[in-house]
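Read the figures in this text as sums done on the coordinates, not as results from a lab. These numbers were taken from a predicted model, which means no experiment stands behind them. Glycine gets a Cβ as well: all are built from the backbone with ideal geometry, and neighbour counts include every protein chain shown.
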C-alpha cells in the first residue's frame with residue numbers, strides 16, 4: 001500500500017463527508033455499512049482526486065475517533081480550559097506531564113494546537129446529535145418534563 005497524504009485539506013473534506021453522513025442517519029452501531037464506506041471513498045476521489053480506499057478511510061476514522069476521545073479526556077480534567085475560538089488549551093504543568101505519560105504522540109499537538117475540528121468530531125462520535133431545543137449547555141440542568 002502506498003502512503004496517502006492526509007493533508008489538512010483532505011482531512012477537512014473527509015470530516016465534512018462523515019458529518020453529513022452521520023446527520024442523515026447513515027451511521028450504524030458506530031460505523032458505516034460497506035456500501036456507505038464505498039460511497040464515502042467515491043466522494044473523496046471526486047473531491048481530492050485521490051483513491052484512499054476503504055481500509056485507509058476506516059483507519060482514519062478510527063484515528064479521528066481516538067484523537068477525539070483523548071482530547072475529551074484531557075478537557076475532562078479539573079482545571080483544564082479550552083477556547084474553541086483559538087483552539088488553545090490551558091492547563092497547569094502537572095496535568096500536561098500526566099497527559100504526556102499517557103499519550104506522548106498527541107501531547108505536543110494538543111498543547112500547541114488543540115484539537116482541530118473537535119466540535120465536528122464531537123457531533124460525529126457522540127452517538128447522537130442535538131435537535132431543535134432539546135440540547136442544553138453544561139451549566140443548565142436537563143429538562144424535567
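Quick notes
- For residue 108: the one exception among (1) within 17 Å of the chain's Cα centre (by Cα); (2) part of a helix (DSSP H, G or I); (3) loosely packed, with under 12 Cβ neighbours inside 10 Å: (1)
- Any hit, the stretch 7-20, residues being at negative phi and either in contact with a strand residue (DSSP E or B) (Cβ under 8 Å, 6 or more places away or on another chain) or outside any helix (DSSP H, G or I) (or both): yes
- Filter result for residue 63 (closer than 28 Å to residue 40 by Cα and free of Cβ contacts under 8 Å to residues at least 40 places away in the same chain): yes
- Residue within the stretch 65-75 that is exposed (fewer than 13 other Cβ atoms within 10 Å of the Cβ), closer than 27 Å to residue 33 by Cα and touching a helix residue (DSSP H, G or I) at 6+ places or on another chain (Cβ under 9 Å) present: yes
- Members of the stretch 33-52 found to be outside any helix (DSSP H, G or I) and without any contact (Cβ under 8 Å) to a residue 24 or more places away in the chain, listed by number: 33, 49, 51
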